[in-house]
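Asker: Take a look at this one; I'll ask things after.
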């Protein structure tokens, strides 16, 4: 009787062990074979926008590394969150990736707006898809010509200078509030409904200064339409190498950049994550990608998934503090 029971128990243990090994081996096989079909890269904005352009530049290079097509799919809406929400609810098999910008990653949530997902628990961060600085620019006719002169003028004339943004809670608004805090100045905020009316009013001399996106501003700088005081990136912009950084202008540690994260659904196998990380980082060293990035003022970044996650946490802590200290209205 005891012998019979022991044989049954041994058989059961063996079956469970074999089954477990089969599952493990199957998982390893899936990771080894990945990718065996096209990969979808979801962008939460319409075709032709800056996020879409970045995605298509990198998708082309990643296709070469992965050996399967990386196809960009646009799912626009709600500041990019519709697309990232789709990624978060997809199978964690490495075939649905997302491009998550600063808004969809942290700003909307920090401003109390519902996104439909939690980036910490619903997504895995694979890497950073490059960064883009902003430009502190002013209308023609302003007396100050350097960032230090601008800050000095603002301190001597509190509340007199106006600055525009493309809207409350946008990166340009928060970056200027950050500068106000660092420099200890008082500026009057005038929010606009988008970048076009903001740029038009800077060109028309109706608002004194603004934090503007680099590519469009570079064209106006060359045309003499606006005056650049500094860029907010850690390094000078490839589009305006003559313009100093805010750090060079005397504000050590001040940076404000736009960026995108490459994300996958939470639970994506680590081997697949590392293959995607390798493909992204290889793209950041691809001469064709680097040439395209330079033309658009983008800075390449090479980070592991762990480093990219740390980058996200650092950026979130910085901007949540800015939002809190500036008293930006949440909604």
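Asker: Among the numbered criteria (1) part of a helix (DSSP H, G or I); (2) exposed (fewer than 15 other Cβ atoms within 10 Å of the Cβ), which single criterion is violated by residue 193?
Answerer: Among (1) part of a helix (DSSP H, G or I); (2) exposed (fewer than 15 other Cβ atoms within 10 Å of the Cβ), residue 193 violates only (1).
Asker: Name the residue, out of 169, 216, 184, that is within 25 Å of residue 296 (Cβ to Cβ) and without any contact (Cβ under 8 Å) to a residue 60 or more places away in the chain.
Answerer: None of the others qualify; the one that does is 216.
Asker: With a cut-off of at least 3 residues that are more than 30 Å from residue 207 (Cα to Cα), name the strands (runs of 3 or more DSSP E) lying wholly within segment 75-180.
Answerer: Those strands (runs of 3 or more DSSP E) span 96-101, 123-139.
Asker: Say we look at segment 248-278 and pick out the residues that are on the phi > 0 side of the Ramachandran plot and outside the structural domain of residue 53 (by TED's automatic domain parsing); which of these is modelled with the highest pLDDT?
Answerer: 250
Asker: Mind checking whether some residue in segment 241-249 is within 30 Å of residue 81 (Cα to Cα), more than 23 Å from the chain's Cα centre (by Cα) and free of Cβ contacts under 8 Å to residues at least 24 places away in the same chain? Working first, answer last.
Answerer: Going residue by residue through segment 241-249, those that are within 30 Å of residue 81 (Cα to Cα) are none.
No - not one qualifying residue is present in segment 241-249.
Asker: Give 225, 216, 204 a once-over and let me know the one that is surrounded by fewer than 19 Cβ atoms within 10 Å (Cβ to Cβ) and out of contact with any helix residue (DSSP H, G or I) (no Cβ under 7 Å at 6 or more places or on another chain).
Answerer: Details: 225 fails: out of contact with any helix residue (DSSP H, G or I) (no Cβ under 7 Å at 6 or more places or on another chain); 216 fails: out of contact with any helix residue (DSSP H, G or I) (no Cβ under 7 Å at 6 or more places or on another chain).
Just a single option satisfies the conditions, and that option is 204.
Asker: Okay, moving on. If a residue must be surrounded by fewer than 19 Cβ atoms within 10 Å (Cβ to Cβ) and touching a helix residue (DSSP H, G or I) at 6+ places or on another chain (Cβ under 9 Å), how many such residues does segment 51-62 contain?
Answerer: 2
Asker: Taking the criterion of being under 17 Å from residue 163 (Cβ atoms) and over 20 Å from the mean Cα position of the chain (by Cα), would at least one residue in segment 268-289 satisfy it? Give the derivation first.
Answerer: To start, the set of residues in segment 268-289 that are under 17 Å from residue 163 (Cβ atoms) comprises none.
Scanning segment 268-289 turns up no residue that is under 17 Å from residue 163 (Cβ atoms) and over 20 Å from the mean Cα position of the chain (by Cα).
Asker: Moving on to the next point. Residues of segment 279-290 being touching a residue at least 40 places away in the same chain (Cβ under 8 Å) and either surrounded by fewer than 16 Cβ atoms within 10 Å (Cβ to Cβ) or not assigned by TED's automatic domain parsing to the domain that holds residue 123 (or both), which ones?
Answerer: The one that is touching a residue at least 40 places away in the same chain (Cβ under 8 Å) and either surrounded by fewer than 16 Cβ atoms within 10 Å (Cβ to Cβ) or not assigned by TED's automatic domain parsing to the domain that holds residue 123 (or both): 288.
The values are calculated or read from the model by the stated rules, or taken from the named source; none is laboratory data. Note that this is a predicted model, so its numbers are computed, not measured. Quick reminder, even Gly has a Cβ in these numbers, built from the backbone with ideal geometry, and neighbours come from all protein chains shown.
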